[in-house]
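The structure appears below as structure tokens.
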Amino acid sequence: MFITFEGIEGCGKSTQVRLLRDYLGSLGLEVLVTKEPGGSRLGKKLRSMLLSMENKDITREAELFLYLADRAQHVQQVIRPALKDGRTVISDRYADSTVVYQGYGRGMDPDILNRMNLLAAAGVWPEITFLLDLPPEAGLERAMKRNKEKNIAASEGRFEAEGLDFHRRVRQGYLEWAARNRNRFVVLDASGDELSIFEALREKVNQALRLEQF
Ligand SMILES: Nc1ncnc2c1ncn2[C@@H]1O[C@H](COP(=O)(O)OP(=O)(O)OP(=O)(O)O)[C@@H](O)[C@H]1O
Ligand SMILES: [Mg+2]
């Protein structure tokens, strides 16, 4: 099974990914946790190019192609082989991030982006995508607090540095895109505490695991 997590900065993706990894591990499943950008060796280089403030002059098209390159490499080198081995793969961000950030966020056409994703993802599509929905103010506050605790400079991320308008478009974009892809999206209110969010999430995963047995 392939599960992805989506949502704005600081909504709690990495936190829920860890909780789910531990839970699935406790059931005896072999789990691979990975992320985008940066899920492959080449991808790590692309990630530092993509997130660095040094590249704040990048055009939105160049940015798009770097994300797609990261995904193509990630799918072929990491995700598909793990799924073939029977592992459960959890990815912290995947194809929907491109549609939402480059599409709803930067103003490119979501349907064209979706088609480019079909090429980059080479037919590897998640069974479940969790969207952790949170107002951007709350997400940015969580992210800022986390960065302070970990001593990461606020100016380090190109996306954290975007204005509130951008993050609002991204949040709305996620909700719209999730509504257009109801078959695999599960939208969760991410404003509660970590464990109650995880309770709801685990219920959905259990359902999917039961279905998989038939
Ligand atoms: N439900 C929650 N309530 C309050 N704080 C939370 C909750 N979930 C996570 N956090 C805290 O908020 C911060 C951001 O969470 P996390 O790193 O999981 O988000 P993220 O979506 O992975 O962010 P990014 O997009 O920047 O990677 C962390 O310090 C985390 O401990
Ligand atoms: Mg994270």
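All of the numbers you see were taken from the coordinates with simple rules; none came from a lab. Here the structure is a predicted model, which is why all the values come from computation and not from measurement. Positions of Cβ are generated from backbone atoms using ideal geometry, with glycine treated the same way; all protein chains shown enter the neighbour counts.
Quick notes on this structure:
- Fewest-first ordering of ILE79, ILE197 by other beta carbons within 10 Å of each residue's beta carbon gives ILE197, ILE79.
- Ratio of Rg to Rh over the chain (Cα coordinates, Kirkwood Rh, two decimals): 0.94
- Among MET53, MET1, a tally of other beta-carbon atoms within 10 Å of each Cβ gives an order, fewest to most, of MET53, MET1.
- Compared with the direct C-alpha span, the chain from ILE112 to GLN207 gains 30.9 nm at full extension, assuming 0.36 nm per residue.
- Think of the chain as having a plus end and a minus end, set by charges on the Cβ of Lys, Arg, Asp and Glu; of ILE128, MET1, ALA153, MET1 sits farthest toward the positive end of this dipole.
- Nearest-20 debye value, segment 27-167 charge dipole, Cβ charges on Lys, Arg, Asp, Glu: 560
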